[in-house]
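The values are calculated or read from the model by the stated rules, or taken from the named source; none is laboratory data. Fair warning: this is a prediction, and the values are worked out from it, not measured in the lab. Backbone-built Cβ (ideal geometry, glycine too); neighbour counts: all protein chains shown.
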Amino acid sequence: MNSTPETDYNDLPANTWKGYDIDQLRYRRAYLLARCEIEKMKLMSRYEGMRDNMPSFKGSGVASRMLKGLNYMDYAYLAYRTATKLVKIVGKFRRHKK
């Protein structure tokens, strides 16, 4: 085994390192908060770009009014129902080809 004491990332022996002083803690906290704000701004700009590219239902028809009131679970349910019906229809066509 190695008999030298473990070192932390400051390259000081672990038994002599006393921790950060208040200025170092403030600097690290400010640095991390700034990084978080930058990441938040990046995410918001990506979200804005995605939102601008998504189709919206701006028509005045009955279907557009119905689709405006749906939430994500309703869309998931409709997608599931549509997919199961499509699978049944495709299955019937495949059986008739044989």
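Observations, loosely collected:
- Residue check for Asp23: loosely packed, with under 10 Cβ neighbours inside 10 Å and at pLDDT below 75: no
- Look at (1) among the aliphatic types (A, V, I, L, M); (2) out of contact with any helix residue (DSSP H, G or I) (no Cβ under 8 Å at 6 or more places or on another chain); (3) at pLDDT below 90 and you find that Leu70 fails only one, number (2).
- In segment 76-98, the residues that are aliphatic (A, V, I, L, M) form Cβ pairs under 8 Å with partners that are surrounded by 10 or more Cβ atoms within 10 Å (Cβ to Cβ) and modelled with pLDDT under 90, at six or more places apart or across chains, as follows: Leu78/Leu70.
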